[in-house]
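A quick write-up on the structure given underneath.
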Amino acid sequence: MSQLFVDNIKNKLDGAIEAPSGIVITGVITATSFVGSGASLTGIDATALADSGGNVKVQANTSGIVVTGVSTFSGNVSVGKTLTYEDVTNVDSVGVITARSGIKIGVGQSISAVSGIITYYGDGSQLSGVESGVSNFVASGTIANGATVVVNTDGTVSGVSTSAVTESKGSIVTYEPGGSGVQAPAGVSIGNGKVVFVYQDFGNNLYGTAVVGTVSGSSITFGTPVVFHSHRTNYPSVVYDSGNDRIVVSFGDGNQGGASSGNGKSRVGEVSGTSITFGTLTQFHGGNTAYIRTNYDSVSGKIIIAYVDASPNDGKVSIGEVTAATNGITFGSDTTFNGSNNCLFVASTFDIKKNRVLVAFRNSSDSNSSYAVVGTISGTSISFGTPAKFTNNAMGEIQVVYNPDANSGGGSSLIAYQDGSASDKGRCLGVQIDPSNNSMTFGQILPFHDAGTASIGLTYDPNAQRYIVSYRDTADSNKLKVDIGREQSPGANNGYWREYLGEGSAFEISTTTIYNSFPIYNAQDKNIALGIDDDGVVYTPPSVATNLTATNYIGIAAEAIANTATGKVNILGGTNTGQTGLTPAQTYYVQNNGSLATSAGDPSVVAGTAISNTKILVR
């Protein structure tokens, strides 16, 4: 092969050289430009076309370059106009990405921030398929779709439900540390799991003494007793003025009347923790005062004191008004409801729905028959209707309690008493008041203990909707027992007791002889603080408990959730679609058993508003 060495080759017209059969070059070609279709270029090494900066520049007058294989770029690629692609693994854009035909995300994939918060700009009017008012929770227990749900203290959720509470008692605790015993004790609940007991301290000259008890579950503890009257104190009684957050203790001053009674006096007490501070002693009756019973008129905020004027044995009532700022109390004139030396064994209650006072007593002028009378309060005065007899038999001990749930919610009262004409058997009957004329309708007299009965105490349990009666069973070694009762039927005013309904016998509290008992309903723990002489004990009646409270409702299950599984719950603002039979535009409440109703349960918890017969908006 021959070689030709020249510096420049030009055609005779100073133009490009044509090589019809091609040119084979084994060295480097340097050119300022390339002109041609490029269709026949083959075997070109891009590194050979690179400049000193490593960049390859290709200028073509074609309509585009089509690459059918895989191209790899180790450096940056700049596109001056539109880049069209069919598939890409990752897009990292420093500016705004505009997707004119939409963005599709595969199943199981998500949009999330690398860090910080993702912000959506717009009014959301065109968004669809987005769930709102829904959160995921771990279930404690199986939860059905559409079930009402509460949040637990550990952050899990459970369906609203009820469970049976077994009848039981806690440990008996002594509240009078002297150990010498007490006489004539009485008590009242002041809320927040606290109760106040008042009594004559037998070991301290029968001085009037008070002590604060604290109920926690099935236990009760007591603070240090404090003397409220440093003289013999007869027939002590205590009531709680919830409007002023004060207690009022009333009693017969034995220093001004001896062992049997004394002038009627009261003191207002302020409870702080387990201590009590008392105000000035105030007289409500200037004469011997016996069988004192106190109640609170929650409508007008007055204190009601029913008693026997022991000098002539007249039945009277005094109305007082507490001044919280000074821990004082003022009284109007007392009013006689049964005079002429004819009254004995008084008990009273306040009917909040009828706004009336009910007093039961034994009428000595009518062969010791048993009567009741209705009073209307106006200011610090009271007026009475005509007393009416409910039995010819003579009452001994007597208690009266108001039941707001009786008579289909219309309210009524129950009188429990010792039947002195029938071997002191325990008897009871219901009473309904007609406020138009202060008359009464009496129910059938029934036994709550058909044997010798003494030391009667009575209260109403609104949680179990049962009456609670405590008594000493004189026919069974003087044991202290507790029984429960209820209305005979909706609209009736008779107390029926489990012993006579085939539901079992009375519950035994103590096997030793007791002389006083007084049950107090404790709303905080839904049980009974029971005073028995100088001791206290917590009694839990049989009932049905719920896990629903006034604050733990969180929403409605949006799906069925297995125990320990994570599932969706419609919360505030969410719409649950798992309902049936709803009435649109009605507010629904969560019931104790988890169902929905248009009337409030206890506690009152709003579930939401029905927007169709199958949908409810949670609120």
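Some notes on this structure:
- A simple spin-label model places the labels of His231 and Thr336 2.6 nm from each other, with each point 7 Å out along Cα-to-Cβ.
- The packing ranking, built from the mean of other Cβ atoms within 10 Å per residue, places the peptides 268-277, 344-353 in the order 344-353, 268-277, highest first.
- √(5λ) per eigenvalue of the Cα gyration tensor, the stretch 390-483, largest first, Å: 24, 17, 8
- Proportion of all alpha-carbon pairs of the stretch 164-546 beyond 41 Å (%): 5
- The spacing between the stretch 361-389 and the stretch 500-532, judged by their C-alpha centroids, is 29 Å.
- Along each principal axis, taking the top coordinate minus the bottom one, the Cα set of the stretch 282-417 gives 47, 43, 22 Å in descending order.
- For the listed peptides 164-176, 301-313, a ranking on the average number of other beta carbons within 10 Å per residue, highest first, reads 301-313, 164-176.
- Diffusion coefficient (Stokes-Einstein, Kirkwood radius over C-alpha pairs, 37 °C, 0.692 mPa s) for the stretch 178-224: 291 µm²/s, rounded to a whole number.
- Rg of the Cα atoms in the stretch 221-353, relative to 2.2 N^0.38 Å, amounts to 1.02.
- Estimated vicinal HN-Hα couplings, Hz - the stretch 584-597 in sequence order (Karplus 6.51, -1.76, 1.60; Gly, Pro = x): x, 6, 9, 7, 10, 10, 7, 8, 4, 8, x, 6, 10, 8
- Above 19 Å, the calculated P(r) of the stretch 159-288 contains 51 percent of its Cα-Cα pairs.
- Counting every other Cβ atom within 10 Å of each residue's Cβ, Lys615, Lys104, Lys194 order from fewest to most as Lys104, Lys615, Lys194.
- For the stretch 230-267 versus the stretch 139-213, the gap between their alpha-carbon centres in whole angstrom: 26
- Built from the Cα atoms of the stretch 420-459, the convex hull projects on average onto 3.7 nm², one quarter of its surface area.
- Using θ = phi - 60° and Karplus 6.51 cos²θ - 1.76 cosθ + 1.60, couplings along the stretch 535-541 (whole Hz; Gly, Pro as x): 10, x, 8, 9, 10, 10, x
- Counting neighbouring beta carbons within 10 Å and listing from fewest to most, the residues Arg619, Arg356 come out as Arg619, Arg356.
- Peptides ranked, highest mean first, by Cβ atoms within 10 Å: ranges 415-421, 332-338, 90-96: 415-421, 332-338, 90-96
- The HN-Hα couplings worked out from phi for the stretch 356-369 by the Karplus form 6.51 cos²θ - 1.76 cosθ + 1.60 (θ = phi - 60°) are 9, 9, 10, 10, 10, 7, 9, 9, 5, 6, 10, 6, 6, 5 Hz, whole numbers, x standing for Gly and Pro.
- Stokes-Einstein D in µm²/s, Kirkwood radius over Cα pairs - the stretch 364-445 at 20 °C with 1.002 mPa s viscosity: 157
- Once you reduce the stretch 420-472 and the stretch 545-619 to the center of their Cα atoms, the two points are 39 Å from each other.
Where a number appears in this text, it was derived from the coordinates with a stated rule and is not lab data. Please read these numbers as outputs of a predicted model, since none were measured by experiment. Cβ atoms come from the backbone with ideal geometry, glycine included; neighbour counts cover every protein chain shown.
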